[in-house]
1. So if I restrict to the alpha-carbon atoms in the chain, what is the Rg, and what is Dmax, the biggest pairwise distance, in Å?
2. Given a cut-off of under 8 Å on Cα pairs at least six residues apart, what relative contact order in percent is computed for the stretch 159-212?
3. Quick one: ranking V201, V400 by accessible area, 1.4 Å probe, largest first, what do you get?
4. Over the Cα atoms of the stretch 114-161, how large are the radius of gyration and the largest Cα-Cα distance (Dmax), in Å?
5. Going by average Cβ neighbours within 10 Å, how do the peptides 79-88, 435-444 rank, with the highest at the top?
6. Can you give me the solvent accessible area of Y311 with a 1.4 Å probe, rounded to the nearest 10 Å²?
7. In percent, what relative contact order does the stretch 1-124 have, based on Cα pairs under 8 Å that are 6 or more apart in sequence?
8. Per the 1.4 Å probe, what fraction of the accessible area of the chain, in percent, lies on carbon and sulfur atoms?
Amino acid sequence: MRKFFGTDGVRGTANIYPMTADMALRIGAAVGRYFRRETGGVHRVVIGKDTRLSGYMFENALTAGLTSTGMNVLLLGPVPTPAVGLMTRSMRADLGVMISASHNPAQDNGIKFFGPDGFKLSDQAEAEIEALIETGVEPAQAQNIGHAKRIDDARFRYGERVKSSLPRGIRLDGLKVVLDCANGAAHRTAPEVLWELGADVVPLGVAPNGNNINLGCGSTQPEAAAAAVVAHGADVGICLDGDADRVIMIDETGQVADGDQLMALLASRWAEAGSLTGKTLVATVMSNLGLERHLASQGLRLERTAVGDRYVVERMRAGGFNLGGEQSGHIVMSDHATTGDGLMAGLHMLAAMVETGRKASDLLTQFTPVPQLLQNLRFAEGKAPLEVASVQVAIKSAEVALAGKGRLLIRKSGTEALIRVMAECEDETLLNTVVGEVAAAVEAAAD
């Protein structure tokens, strides 16, 4: 069991353990020592961040820890998470760091790591880094301390990379696009990229103040963008989250489409073009059963992983697959990126609209979802609801009731103090009953 790392790096409320400046310094020193080669040469790390006020604090603390072990730090400033994966590899860095709590509110923050190949770290690497955090590391000698330097063009480099993922010659002229940047890391890059490609952009969530990231906007709160699509008569809406590694799409009627529908569209198009490797889409256990059935009807396969885009990527790399993602909107196109990229996925949706001449509502209704119900249940610190006998009995009873009719998934969030209870079933009455009973048992054990 890892002590500090969750599903996606280290995350928590800023200035509360483990997300304190002191811990960030220790984490920086530990990961710097882990990645520093002892064979000489230049040791380099790139650091990006989103727009949270606490990002300044963690950026400075991580820089101090990293330079104390001899790592040279390149500060990218506010950039999307996929830009850090890109820059780590393109700048031949030993390590990439993204300071972000993704879709979480402004008071939270987190630290994500990328290896020299631009991919997120394995569980094994994180476990070894945790051991260094707890034991501490020997600092470099005075003459070997690293230095820090700001890189001013990171977002421009990233923007060019995103555009280059599209088919040559694609333009977005005539498309009106509502673009919600969640007051986050893509608030400048995303509107610039769409404008450069010819779109008529209606920007939302592009005025970050350090405290309004994901506040009433972005991929987890798309209501404002949906209303704007209808009000402006837009063709489509794109909602990014705080670090722009996930996307939720909105059609011209204001209907919200999740990552499953977008993955279904991309998988079908890529398969038709002969570019979907292994005729396989990789997604997590949270993806809807309707997606799996839709793919099967086309002779395609859905391979499921644990929740977390890095587990999707690990399976993609192991199997040689090039498309994967999550229902929540992480879309991974490994021919072009090393992690989920919301802006890139959104652009490929726009390209589909241009190439087919079809409306967003047509393209984003690839399959009819099996009724799915998800409840997120918060639990008190020190509690372990899933270990309580009454909860285990309720889960077993629900599994028996759903046998042959649907499926049940119970899991603890890797980023928040939440138990997620999800079930799918064609019989909505049964669906509501089993989820309600399990949720009631969890809530009773959570306080």
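The values are calculated or read from the model by the stated rules, or taken from the named source; none is laboratory data. For clarity, every value in this text was computed on a predicted model and none was experimentally measured. Cβ: placed from backbone, ideal geometry, glycine included. Neighbour counts: every protein chain shown. Areas reflect the complete protein model, heavy atoms only, side chains present, ligands, DNA and RNA absent. Shrake-Rupley method; radii C 1.70, N 1.55, O 1.52, S 1.80 Å.
1. 21.9, 69
2. On the way: 73 pairs, mean separation 22.5, N = 54.
42 percent.
3. Numbers: V201 35, V400 100 Å².
Final ranking, largest accessible area leading: V400, V201.
4. 15.9, 42
5. Values: 79-88: 30.1, 435-444: 18.3.
The peptides rank, most packed first, as 79-88, 435-444.
6. Approximately 40 Å² for this residue.
7. Values: 245 pairs, mean separation 36.3, N = 124.
The normalised contact order for the stretch 1-124 reaches 29 percent.
8. Numbers: 9120 of 17800 Å².
After summing per-atom areas, the C and S share lands at 51 percent.
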